[in-house]
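These notes concern the structure reproduced below.
Coordinate-derived values only; no laboratory data. Since the model is a prediction, treat every value here as computed from it, not as a measurement. Here the Cβ is made from the backbone with ideal geometry for all residues, glycine too, and neighbour counts use every protein chain on show.
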Amino acid sequence: MNAAVASPLPESLHASDLDVLDDPIEQQRFTRWTEEADGRRHAESAFQLSGMYCAACAGIIESALSAVPGVEEASVNSASRRAMVRWNPARTSPSAMVRAIRGAGYDAVPDAAASARELRRKERRQALWRVFVASFCAMQVMMFATPSYVAHGNELAPDLRQLLNWASWLVSIPVMAFSAGAFFKGAWASLRSRRIGMDIPVALGLLVTFVASSGATFDPQGPFGHEVYFDSLTMFVSFLLAGRFLEMSARHRAAESLEDTLSGMPETALRLVGRDDAVETVSVLRLARGDRVRVPVGAAFPADGRLEQGSTQADESLLTGESRPVDKRAGDEVVAGSMNLSAPVTMQVERVGADTRHEAIVAMMRDAMSQRPALARWADAWAGPFLWTVLALALGSGLVWAWIEPSRAVWVVVSVLIVTCPCALSLAAPSALVAAAGALARKGVMVQRLDALEALASMSRLYTDKTGTLTEERPQWVRTVVLQGDAADERELMRLAASLATWSTHPLSQALASAEASGTRAVWRRVAEQPGAGLEGTDEHGAPWRLGALSWVRGGGAGEEGDFVAVDGSAPCVYFGRPGQPLARFEFDEQLRPGVPAALAALQADGVQVGLLSGDVSERVQKMAQPLGIREVHGDATPDLKRDVLAAAQAGGEIVGMVGDGINDAPVLARANVSFAMGQGALVSRAHADAVIVSNRFEDVLLARRLARQAMRVVRQNLAWAALYNAACIPLAMLGYLPPWGAGLGMALSSLLVVGNSWRIGR
């Protein structure tokens, strides 16, 4: 019987369906679990939000979530519409959080691909209907208002003018009741939370305009006069909604692009069970370490593991940004989310769920997209005082115009309220930084801290580790030295040694096995590995062979430290032969990663001083640094020495970056102003880094710097535009030269320009 398959989350969650979020199996799709030293468990859940239109909404949602008992921390990013919530499972549940968000006037679904797509579809459809109703009604109102604009003198009879005003009022009601509902909803949510949001001046302007125009319609001789502004009102709503719709579309495209990059995991897997390898279809959430899984051609690998049977090619571009297929043979590692391209294979599962490399990348991006960067917090901090100033200016302008020309006072107040909505100011930084993080993710660089992009753009000095960072993770075979026999024996000795090396996970054995990828593999029996010494096996003719340290091949026990190093003291090597009879020596050397020299030269040409920090022996570090043009070299560097070098540079006023991959690099990565960890590096180093280079390409550091500098240029452009726009339009509105419809058009175009300018990053 097949194991039960966990059902996917429903596409839309009604109030009665929220309990499904509390199923521990389903929570794995959007929740990470951590455990404290005292045994207490904590959870971090990601949600995608709808109904947000400004940065103030983020604060309202954070307040609503923080009020839920058991919620320890809530962070909302207004640019990406995502929330990250840290909570105590003993006190609350995801369903309670969603209910709190809905109670604040918004909506949320787990940040999983299917539900997120449904939420975007629902949001887009509703926004499109709002724009359609506002635009259609605006055209009708403009048609009713045209005779009043073109008539001269008494050409338009008063009763006919009054009839047209009534018609305009009637057609404006759907705009106020439906299309403008988002503004009133946002303003009410801000007032309930005792915070001032950007929807407040918009809603106030709409309400004042509608009330004043309604009063003029039904009592032309009353206190509101005889002028009506239904045409300006409906045009403003349609312009602003159109701008928000285009901004939402750009955000949706970015979210879809990111999902395409990260959502390569299959829903089900073909698990082999029993002695006869019967196939059962199970949810990937039901897989466990040690399971054997069959992966058909064209399917994604459901977990991290190793190939057990068969050989194929894998497309790992969604994880690394590398488009070329990677050859995979029995024993090779495969990663979850990569595609099987060539042949059906069988794999053994080693890591599942949140432990997979794919889910680690997704978690990094969720964290980054949920952050509110320092620049965004600065803009949000200024938005509140700015809005109070706007309200004061609008009130003051209205009082002045009420004394100068009372008939114009109302629409001057409305224009000031509308034109100064600081949406562009609050979107300036987060939209650019999120766009840059998304562009880097598509290239295989996962940003974990958005604030690091600002430091990266101004970085003046970069320190890098050597082994596994500038060089490949394992050494490369460079030559074979035949100790006994002639050159004709070299090929056969290489074939035998490489096939025996496949039985070991030692870096030198793996490098030797990779060097002889072609040819017929020898058949070995009774293979055993002696820790610290090497391998011993019996060939198909019953003859024993040994591979490893010189003393081991000579017939001794565990090797001395020097047994794995060549005579010159700089190149590691292994020996191969019969017990007591070494026949060949295989020498290795470190291999620079492709693109390292060009990337270092470009960084130095860009004004970045590069230094080398390595725990390797100084002689070998100097030998590598010299041809790369690196002058500052620190060999035999302990973690404390690395940290001290960085601290000294920072004390001198430098903005310091660090690239590393090992456990010993974690302290210095945490100390740097901006830090990168290689994707294949130690988990602790990746945890302390600001960004992870999943592609393992060192030149992506250069790419990240260029995109960071572009992002900061865009932020400055956005802030300058927002300041220039307000500086020009506020006086025009106060002096009466900017009608409400013009104010609405300017505000919508201003926000759209900021978002459009941001989304061109990385294009």
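General observations
- Sorting the segments 308-316, 495-503 by their mean number of nearby beta carbons within 10 angstrom, highest to lowest, gives 495-503, 308-316.
- Over 22 Å between alpha carbons, listed pairs LYS466/LYS623; LYS466/LYS642; LYS443/LYS623: LYS443/LYS623
- Packing, as the average of other Cβ atoms within 10 Å across residues, places the peptides 206-212, 545-551, 66-72 in the order 545-551, 206-212, 66-72, highest first.
- Local electrostatic count at TYR106 - Lys and Arg +1, Asp and Glu -1, tallied over other residues with Cβ under 10 Å: +2
- Based on the convex hull around the alpha carbon atoms, the stretch 15-111 presents an average projected area of 5.9 nm².
- Per-residue extension of 0.36 nm, minus the Cα-Cα distance of SER342 and THR638, leaves a gain of 102.0 nm for this segment.
- Inter-probe distance in nm under a simple model that places probes 7 Å from Cα toward Cβ, at ASP277 and ARG491: 3.4 nm
- Going by neighbour counts of Cβ atoms within 10 Å, the residues THR638, THR471 line up, fewest first, as THR638, THR471.
- Each Cα pair under 8 Å and six or more residues apart adds its sequence gap; the mean of these over the residue count of the stretch 15-111 is a relative contact order of 33 percent.
- Among SER45, ALA64, VAL85 - extreme Cα towards positive end, dipole of the stretch 15-111, charges at beta-carbon: ALA64
- Taking other residues whose beta carbon is less than 10 angstrom from the beta carbon of GLY736, and scoring Lys, Arg as +1 and Asp, Glu as -1, yields 0.
- SER407-VAL297 pseudo-label distance in nm [points 7 Å out on the Cα-to-Cβ vector]: 8.1 nm
- Potential lengthening between ALA647 and ALA720 on full extension [0.36 nm per residue; Cα-Cα distance subtracted]: 22.8 nm
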